[in-house]
Amino acid sequence: MEHKPLDGRIALVTGASRGLGAACAEWLAARGAHVVAVARTTGGLEELDDRIQAKGGSTTLAPMDITTEAAMAHLCRSIHDRWGKADIWVHAAIHATALTPAAQIREKDLDANIATNIRATARLIAMVEPLIEPSDIATAVFFDDDGEAMYGGAYAMSKAAQRALVSRWQAESAKHGPRVALLKPNPMPTAVRARFHPGEDRDALASPRDEAARLLAPLFPA
């Protein structure tokens, strides 16, 4: 049987049902990792599972909302009870509300961006750090963007806060781990980008699969 570089590794992927998160899950599974795939969209997770299994990989599907603290705590505990640890965490879950001028941002839209992009990220860092720390390749991966879209102030604000938090964790763990990577994908034809750039030529954008390979390969070489 062919040996794969991530055989026996457990990879938690939050935001795994589509886009870059799904592409990362497939990339990790193709290299032998068992992927614990988290997303709200059950259908998207099932389609991901079909693609991974068709190529000989394996997944555990966890259809849940990352903003639900009890659900995520239960999942992390279940991973610990079953495998003792995780090795890799890829966080691709994101929320973006409708484009709105800065002076007209609705409180419910502001709260929705904060809940996913800031509060859930902070909570997950606290939950996942002790889960991956025992691993000899403990790695947490996050993705950044400029949030440059006009009228995207609520999203840009929440991403700036997320960036600051991840950067601090990265600096704090530089000596003793876990390894924290904050990566910047090229523009991709994702649902979030379509909302911010309507009418854009999507054929000119990078493939999520290509971006997953470009960004993850240096972290987990063959």
Inset, instruction - Take Ala154 and decide whether it is in contact with an Asp or Glu (Cβ under 6 Å, 6 or more places away or on another chain), more than 17 Å from Ala23 (Cα to Cα) and of a type in the set (A, V, I, L, M, F, W, C). - result: yes
Legend entry - Out of Ala86, Ala122, Ala96, sole residue that is under 18 Å from the mean Cα position of the chain (by Cα) and at pLDDT below 95: Ala96
Inset, instruction - Scan segment 1-24 for residues that are crowded, with 18+ Cβ neighbours inside 10 Å and out of contact with any helix residue (DSSP H, G or I) (no Cβ under 6 Å at 6 or more places or on another chain) and report the count. - result: 5
Inset, instruction - Would you be able to say whether some residue in segment 188-198 is among the β-branched types (Val, Ile, Thr), more than 23 Å from Gly44 (Cβ to Cβ) and within 19 Å of the chain's Cα centre (by Cα)? - result: no
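Looking at this structure, is Ala120 crowded, with 18+ Cβ neighbours inside 10 Å, touching a Lys or Arg at 6+ places or on another chain (Cβ under 6 Å) and in a helix (DSSP H, G or I)?
Judged against the criteria, Ala120 is not a match.
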Inset, instruction - Would you confirm whether any residue within segment 170-178 is part of a helix (DSSP H, G or I), open to solvent by 30 Å² or more (accessible area, probe 1.4 Å) and either touching a Ser or Thr at 6+ places or on another chain (Cβ under 7 Å) or touching a residue at least 24 places away in the same chain (Cβ under 8 Å) (or both)? - result: no
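Before we move on, is Ile66 open to solvent by less than 30 Å² (accessible area, probe 1.4 Å) and without any contact (Cβ under 8 Å) to a residue 40 or more places away in the chain? Break it down stepwise before answering.
Details: open to solvent by less than 30 Å² (accessible area, probe 1.4 Å): yes; without any contact (Cβ under 8 Å) to a residue 40 or more places away in the chain: no.
Answer is no for this residue.
The values are calculated or read from the model by the stated rules, or taken from the named source; none is laboratory data. Since the model is a prediction, treat every value here as computed from it, not as a measurement. Glycine gets a Cβ as well: all are built from the backbone with ideal geometry, and neighbour counts include every protein chain shown. Remember, those area values only see protein heavy atoms, side chains included, never the ligands or the DNA or RNA. Shrake-Rupley method; radii C 1.70, N 1.55, O 1.52, S 1.80 Å.
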